[in-house]
Amino acid sequence: MGLLSRTTTFVRYSVEGELPGNFWEFAAERIAKFSFRDIDDTFDEYSIGWVSIDNMFDSSFAHASYAVGDYIVLSMRIDERKVSKTLLQKYSRKEEERIKKEKEIPRLNRSHRVQIKEDIRLQLVKKSLPVPAVYDLCWNLANNTVLFFSTATKAQSVLEDFFKECFGLTIILQVPYLTAVHLLDLPGQERLQDLHPAILV
Amino acid sequence: MDLVDIISEKKFLGQEFLTWLWYKSEERGGSVFLPGTGDIQLVFEKHMLLESGEGESLEQLVCRGLQTELQEARTGLLMGKKLEQARIYLAKGDYEWRLTFGATLFECRNVSLPRTISSNDEAADPLAWEAKVLERIGMSEEALQTMDELFRIFLQTRASADWPQELARLKSWIAKGAEN
């Protein structure tokens, strides 16, 4: 459902704050710094960064630039090693049983069980492969809006934090009320504040 | 007011807009006049989600169907529900879009963008690729800008002294729709 998919899905954000004067230099430096780093050959649990919208393996933008006209087009790639709750529970219980048998004790205290669970989680994380997710975005520099090609609230929340971390700029989801503020003149905006739900029947 | 409060307290604004837009599209048989552009085609089709209440008392009604008159949805309006999501066919000039529009967050889902010559290109060379990307961005933005323009028309009436008359017409359309 990305920008280049046959059908697409998107929401709009506004970008708050002034862009730096030497914007393209600033953008090049920030995008390079926050480009995606692969974790396939490490034991890292999580990685997030920018890649080309044309190819999720292109984090140096060798094949396609992020600068397209007056837009910056990027994909936010997130790789994450996940462990299912059922697996974690199974192997934690198995380890608990092993220890109880070994030490010949009827039960383990809570802190010991928490420690076992965390150890098992780390072991399982190392065995699992990173699962990738890619979300496209397009930043219109002329009117300082961003189209984000996902309606998943978790992805939106990650984008809001990551965009701020990367560019130092806050983005705000343009829900109807905020869109209305942009569309109306000052007297209209004042009247807007006093509106209450209408009964349509 | 933070964004969460704005979304919950002003949710009615998007839902009333989408409900009003359904009325506007049927008022002139699927044509809506946009100042500066002229008539555009706007038809509500196939899929609708209506809502009433909030929190634990939230009630939702989903209506689907290819050849239906969306009678259940019209009855839903008469029961006090408002439109939360609708599948819309939009034609402006030579271009056609189909999209599912979400009222509370102004989300565009499953948007089928207009077919253009470069849409079919493999876009192997960088210039063709760039043209294709720009065109898809332009078409996505155009759909949103059209919804913005329609929203502006709604707001200008909703926040004016003309609203009681428009509301009366909207109520009459809702009452008539449920009778048929």
If you take the residues in segment B:38-84 that are over 19 Å from B:ALA103 (Cα atoms) and among the β-branched types (Val, Ile, Thr), which one is surrounded by the fewest Cβ atoms within 10 Å (Cβ to Cβ)? B:THR68
Among the candidates B:GLN165, B:GLN145, residue that is of a type in the set (S, T, N, Q) and closer than 16 Å to B:ILE40 by Cα: B:GLN145
Just give me the residues in segment B:132-180 being over 24 Å from B:GLY93 (Cβ atoms), facing another protein chain (nearest Cβ under 8 Å), assigned to a helix (DSSP H, G or I) and not hydrophobic (A, V, I, L, M, F, W, C), in sequence order. B:ARG158, B:LYS171
Pairs where the first residue, in segment A:92-107, is modelled with pLDDT of 90 or more and the second is among the charged types (D, E, K, R), C-beta under 6 Å, 6+ apart: A:SER92/A:LYS117
Where B:ILE7 falls short, out of the listed (1) in contact (Cβ under 8 Å) with a residue 40 or more places away in the chain; (2) more than 14 Å from chain A (Cβ to nearest Cβ); (3) among the β-branched types (Val, Ile, Thr): (2)
Using the structure shown, decide if B:VAL133 is closer than 24 Å to A:THR179 by Cα and either modelled with pLDDT of 95 or more or not acidic (Asp, Glu) (or both). no
Assess whether B:SER112 counts as being within 14 Å of chain A (Cβ to nearest Cβ) and modelled with pLDDT under 90. no
Filter segment A:72-88 for residues that are of a type in the set (Ser, Thr, Tyr) and surrounded by fewer than 21 Cβ atoms within 10 Å (Cβ to Cβ); the one that is modelled with the highest pLDDT is A:THR86
Being over 18 Å from the mean Cα position of the chain (by Cα) and either over 20 Å from A:ASP136 (Cβ atoms) or outside any helix (DSSP H, G or I) (or both) is the filter here; which residues of segment A:23-54 pass it? A:PHE23, A:TRP24, A:GLU25, A:PHE26, A:GLU29, A:ASP40, A:ASP41, A:THR42, A:PHE43, A:ASP54
I'd like to know if segment B:64-77 contains one or more residues that are touching an Asp or Glu at 6+ places or on another chain (Cβ under 6 Å) and over 22 Å from A:ALA198 (Cα atoms). no
Of everything in segment B:1-37, what is outside any helix (DSSP H, G or I) and crowded, with 18+ Cβ neighbours inside 10 Å? Give them in sequence order. B:LYS10, B:VAL32
Only listed residue being buried (at least 16 other Cβ atoms within 10 Å of the Cβ) and more than 9 Å from chain B (Cβ to nearest Cβ), chosen from A:LYS127, A:LYS117: A:LYS117
Inspect segment A:142-153 for any residue being away from chain B (no Cβ under 14 Å), touching a residue at least 40 places away in the same chain (Cβ under 8 Å), small (Gly, Ala, Ser) and surrounded by 14 or more Cβ atoms within 10 Å (Cβ to Cβ) and give the result as yes or no. no
With the first residue restricted to segment A:176-188 and required to be at the interface with chain B (Cβ under 8 Å from one of its Cβ atoms), and the second required to be surrounded by fewer than 17 Cβ atoms within 10 Å (Cβ to Cβ) and hydrophobic (A, V, I, L, M, F, W, C), Cβ contacts under 7 Å at 6 or more apart or on different chains are A:LEU178/A:ILE172
Return yes when B:TRP129 is farther than 25 Å from A:LEU173 by Cβ and either in a loop (DSSP other than H, G, I, E, B) or aromatic (Phe, Trp, Tyr) (or both) and no when it is not. yes
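The values are calculated or read from the model by the stated rules, or taken from the named source; none is laboratory data. Note that the structure is a prediction, hence the values are computed from the model and not measured. Cβ coordinates were reconstructed from backbone atoms using ideal geometry, including for glycine residues, and neighbour counts include every protein chain displayed.
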